[in-house]
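The values are calculated or read from the model by the stated rules, or taken from the named source; none is laboratory data. These figures come from a predicted structure and were not determined experimentally. Neighbour counts run over all protein chains shown; Cβ positions are idealised from the backbone, glycine included. These accessible areas exclude ligands, DNA and RNA; they are computed on the full protein's heavy atoms, side chains included. Shrake-Rupley method; radii C 1.70, N 1.55, O 1.52, S 1.80 Å.
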Amino acid sequence: MKLTLSIWRQKNPGSKGKFVSYPVEVPNGEMSVLECLDVLNETLSERGEEPVAFEHDCREGICGTCGFMINGVAHGPMPATTICQLTMRHFKDGEELVMEPWRSRAFPFVKDLVVDRRSFDRIIQSGGYVSVSTGNVPDGNAIPIGKDDADRSMDAAACIGCGACVAACPNGSAALFTGAKIAHLGILPQGKPEQDRRAVQMVAQMNAEGFGSCTNIGECTGVCPKEIPLEAIAKMNHDYLLGAWKERKSVVTAIAPVTGWEFGEK
Amino acid sequence: MKLDARIPTGPIEDAWDSAKFEMKLVNPANKRRHNLIVVGSGLAGASAAATLGELGYNVKCFCFQDSPRRAHSIAAQGGINAAKNYQNDGDSIYRLFYDTVKGGDFRAREGNVYRLAQNSVHIIDQCVAQGVPFAREYGGSLENRSFGGAQVSRTFYARGQTGQQLLLGAYQALERQVDAGQVTMIPRTEMLDLIVIDGQARGIVARNLITGKLSVHLAEAVILATGGYGNVYYLSTNAKGSNATAIWRAHKRGALFANPCFTQIHPTCIPVSGDYQSKLTLMSESLRNDGRIWVPKQKGDKRRPDQIPEDERDYYLERKYPAFGNLVPRDVASRNAKAVCDEGRGVGETGLGVYLDFADAIQRLGVETIRDSYGNLFDMYQRITDEDPYKVPMRIYPAMHYTMGGLWVDYQLQSTIPGLFVLGEANFSDHGANRLGASALMQGLSDGYFITPYTVGNYLASSKLKDVKASDPAVQAALTATEQGIAKLLSIKGKRTVDSFHRELGKIMWDDCGMSRNAAGLRDAIGRIRALREEFWQNLNVPGSGDDLNQSLEKAGRVADFFELGELICIDALERNESCGGHFREEYQTPEGEAQRDDEHYGYVAAWGYTGPGNKPELTKEPLEFVYVHPSQRSYK
Ligand SMILES: Cc1cc2nc3c(=O)[nH]c(=O)nc-3n(C[C@H](O)[C@H](O)[C@H](O)COP(=O)(O)OP(=O)(O)OC[C@H]3O[C@@H](n4cnc5c(N)ncnc54)[C@H](O)[C@@H]3O)c2cc1C
Ligand code: FES
């Protein structure tokens, strides 16, 4: 099978980018899209050209490192599938695959198909945890949690933080990502004490990062490789409304977004 | 050199408590004056960094990915062991200890393993409190399943994503400390050298992967939690970025490397499909709870599996090991799969595969129950192979998976360089020659949450640490050496890509130092690795420059280290004239083809010292003593 890959090539945020077309040959439908890029990169390297920069690590659909658009769809055409798990058998001979990075104000561009997603970490920093220190805990079975609650919490906790939801959203909203963490922790008894504060802080951080607002379009859940349900956003809105009222006296400060790569010290 | 493992004396049940009592404490007000470096944000690194931050230390934590949440621990599927005995099936700390020592084929320290079993129960409590959504019974209590190498149900899990959920728990605890100002997280930054001053670990040299800039970070102690080195074999179940650079460079600065040849091949992975293959996908071991492994009785039987009648199938694990059946430990399961394929009874196009069949389980338990337990694994299998495991048996084959070897550490998890601590898969500590399923996650979290926070404090309180400045000659020397190393890789401008070298190295390792090994093959492998390494340094081509994101350059540095480590793995395998656990030397087997240990001559930890480029490494032996679990021929029959 022969295909054309049209890939966004841009050396750094300061330079101009463009699509470059590369013909590729695919020996076997079991080959993944990333393996196809590997083969292309081998050829480019042998020719002395710079290989395409793209991110990946586990290649099992769980680490959330990989991700870019194929023909305008985050993670490509297969539902519930990350790019690293997408095999070439889903494409037809002669097809052109247009590959470009996630585009969002809150994901600054880095190189080729790579962007900076540290804004997600800061959203978690702002409250996406249970404040419990090592050692200071009861027995695991001391807090019974019904199977249904555990399952619903797990459905939300399955988020891999890849950023596809943001890339797919016409508003560039991170509501699904943020809602998934609020739902994961908020459904469990362990997360209840901080439920109000968590929602208020995380939403404030999401806004400070420059993500857009959610208008319930639902593209996010459509491309989500873990099929996080829209219910997570409903849970976020619910907790936020309640929290904003109950916490109306507390001061909410967002963490300042960082875009540089200097970490001090020589 | 004489190795002192600092194992506490006295009854094993009290050893860890009394060790903790003996440890010196750092005054709470002084903790914030201590700077610590944690390299790695997997289960071991994130849990250590978070806990040290909670205690009040000033911590810097590094990872090479864009976020700490992406560490390879995220990929662990099956579960985590703990001796809770919630199932009332006779489990206990002592039994978990016993199983782990025996499963490791009597090549681990009893003291360490006992402590691991003790800590296991606290880990579950800790993770539950953080909000890890473990599987639950309808009544609300925690659910368990059984895992290879054990006859009790002691494995806790969160669907097929246990590693992900445990890591997110640790990651969230870490981010909480970042928010509190206790931990500075430094992602996309790779440690390239260890700074040793007056014999103590005092910092690292690191490279920012986006800007290419090198930086120096100084500290009172350095903690490495950088994961395993399975990617020496190129194809493995590890994440593509997993590498040995941090531990290898620390080794070159004086840390001994223990039992490098103890590598684990996982029996249940999706078989290789072509030359372009970039990694191998694990199908969790938990599948062996309900799946039955078989091959056709006849050689070269090319019929579809559903056309092979029951009496023409060989359920070879159930036949040979009636007591454990499909749940024998990994090394036994892997070797048997290789054996039936070598006989020509393998399945699939390449003949390198065996069936893992769920038909009986589906009939017994119903599709829904199976989907509930393994749904995401089945989906993953189908996505890759285009076959439906609810209808057609899975095809599986062994693959490189985990490394029991690693930097040598004492009971306090300190390496042979004072102030350098090593945790998680990066150390050699608790699994001997073979790791049991669901115990790496346990070890990583035990090291990070419950051991290092005490032992690092003890080190700080009992050591004299002088003030160190970046202008120190040792710091500058490490920085210059790193700069030169990078410049060298970029300057070769040869013809071959990094991946082509890595693939070839991996093939040598897999063929001659994989599931089974022999002296002639190992000698030959060492020669071929050296020749290939020489070619690497003359004919490598790294496109691009050193001052921006250059993934070929990152890989080149890692592969350069894999060459040296690969050779050491073979040297260690050649030196160990016995079979034990994952190390199977064809010359040493029982008449039934099982591993034949030689406790009298090889009942030790082999700790290797670096003696300079091209020189023969120096071997130091740490004898192992077994007071509680008497070494016996492992039998799973
Ligand atoms: C597919 C798969 C499934 C598994 N399933 C299970 C299971 O069910 N149960 C179980 O118990 N075990 C399982 N394991 C094993 C277990 O996941 C690992 O052994 C364990 O997670 C390792 O954790 P770690 O913290 O030591 O290292 P890792 O999680 O590998 O983390 C390494 C960290 O070090 C960083 N790092 C590495 N080098 C550098 C450097 N030079 N500079 C800066 N940072 C660096 C990385 O960025 C990363 O943050 C599985 C393993 C695999 C491959
Ligand atoms: S590489 Fe990990 S999810 Fe794709």
Exercise. Pick out the one residue from B:ASN85, B:ASN30 that is farther than 22 Å from B:PRO453 by Cα, more than 10 Å from ligand 1 (Cβ to nearest atom) and either surrounded by 24 or more Cβ atoms within 10 Å (Cβ to Cβ) or not β-branched (Val, Ile, Thr) (or both).
Key: B:ASN85
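Yes or no, residue by residue, for (1) more than 16 Å from ligand 1 (Cβ to nearest atom); (2) in the same structural domain as A:GLY163 (by TED's automatic domain parsing); (3) among the hydroxyl-bearing types (Ser, Thr, Tyr):
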position	(1), (2), (3)
A:PRO27	yes, no, no
A:LEU37	yes, no, no
A:LEU40	yes, no, no
A:ASN71	yes, no, no
A:THR82	no, no, yes
A:THR87	yes, no, yes
A:HIS90	yes, no, no
A:ARG105	yes, no, no
Practice problem: For B:ARG95, state whether it is away from chain A (no Cβ under 14 Å) and modelled with pLDDT under 95. | Solution: no
Self-check item: Test result for B:LEU407, within 14 Å of chain A (Cβ to nearest Cβ), crowded, with 24+ Cβ neighbours inside 10 Å, more than 16 Å from ligand 2 (Cβ to nearest atom) and in contact (Cβ under 8 Å) with a residue 60 or more places away in the chain
Solution: no
Quiz item: From the residues in the range B:236-265 that are within 14 Å of another protein chain (Cβ to nearest Cβ) and out of contact with any helix residue (DSSP H, G or I) (no Cβ under 6 Å at 6 or more places or on another chain), which one is farthest from A:CYS63 (Cα to Cα)?
Solution: B:THR237
Quiz item: Within the range B:425-433, is even one residue at pLDDT below 95 and either in contact with a helix residue (DSSP H, G or I) (Cβ under 8 Å, 6 or more places away or on another chain) or part of a strand (DSSP E or B) (or both)?
Solution: yes
Self-check item: B:VAL272 in the same structural domain as B:ASN376 (by TED's automatic domain parsing), within 22 Å of the chain's Cα centre (by Cα) and surrounded by fewer than 19 Cβ atoms within 10 Å (Cβ to Cβ)
Solution: yes
Quiz prompt | Answer residue from the range B:43-78, given it is within 22 Å of B:ASN112 (Cα to Cα) and in contact with a Gly (Cβ under 6 Å, 6 or more places away or on another chain) and is surrounded by the fewest Cβ atoms within 10 Å (Cβ to Cβ) among those | solution = B:SER73
Practice problem: Taking the options A:VAL137, A:VAL132, A:VAL166, name whichever one is over 25 Å from B:GLY140 (Cβ atoms), among the aliphatic types (A, V, I, L, M) and either at the interface with another protein chain (Cβ under 7 Å from one of its Cβ atoms) or surrounded by 24 or more Cβ atoms within 10 Å (Cβ to Cβ) (or both). | Solution: A:VAL166
Quiz item: Limited to the range B:485-506, what total is found for residues that are in contact (Cβ under 8 Å) with a residue 60 or more places away in the chain, closer than 30 Å to B:CYS341 by Cα and open to solvent by 10 Å² or more (accessible area, probe 1.4 Å)?
Solution: 2
Self-check item: Hits in the range A:43-69 - residues which are away from ligand 2 (no atom under 15 Å from the Cβ), small (Gly, Ala, Ser) and out of contact with any Ser or Thr (no Cβ under 8 Å at 6 or more places or on another chain)
Solution: A:GLY48
Quiz item: Is it the case that the range B:538-552 has a residue that's in a helix (DSSP H, G or I), closer than 20 Å to B:ALA246 by Cα and open to solvent by 30 Å² or more (accessible area, probe 1.4 Å)?
Solution: yes
Practice problem: With the condition kept exactly as written, say whether any residue in the range B:298-310 is in contact (Cβ under 8 Å) with a residue 40 or more places away in the chain, assigned to a loop (DSSP other than H, G, I, E, B), within 14 Å of chain A (Cβ to nearest Cβ) and within 28 Å of B:LYS507 (Cβ to Cβ). | Solution: no
Quiz prompt | Selection from the range A:53-100 of residues that are over 18 Å from A:ARG9 (Cα atoms), polar (S, T, N, Q) and either under 15 Å from the mean Cα position of the chain (by Cα) or more than 10 Å from chain B (Cβ to nearest Cβ) (or both) | solution = A:THR65, A:THR81, A:THR82
Practice problem: Sort through A:ALA204, A:ALA156, A:ALA180, A:ALA150 and tell me the only one that's within 7 Å of another protein chain (Cβ to nearest Cβ), part of a helix (DSSP H, G or I) and not polar (S, T, N, Q). | Solution: A:ALA150
Quiz prompt | Residue match in the range B:507-523 (condition: buried (at least 20 other Cβ atoms within 10 Å of the Cβ), assigned to a helix (DSSP H, G or I) and aromatic (Phe, Trp, Tyr)) | solution = no
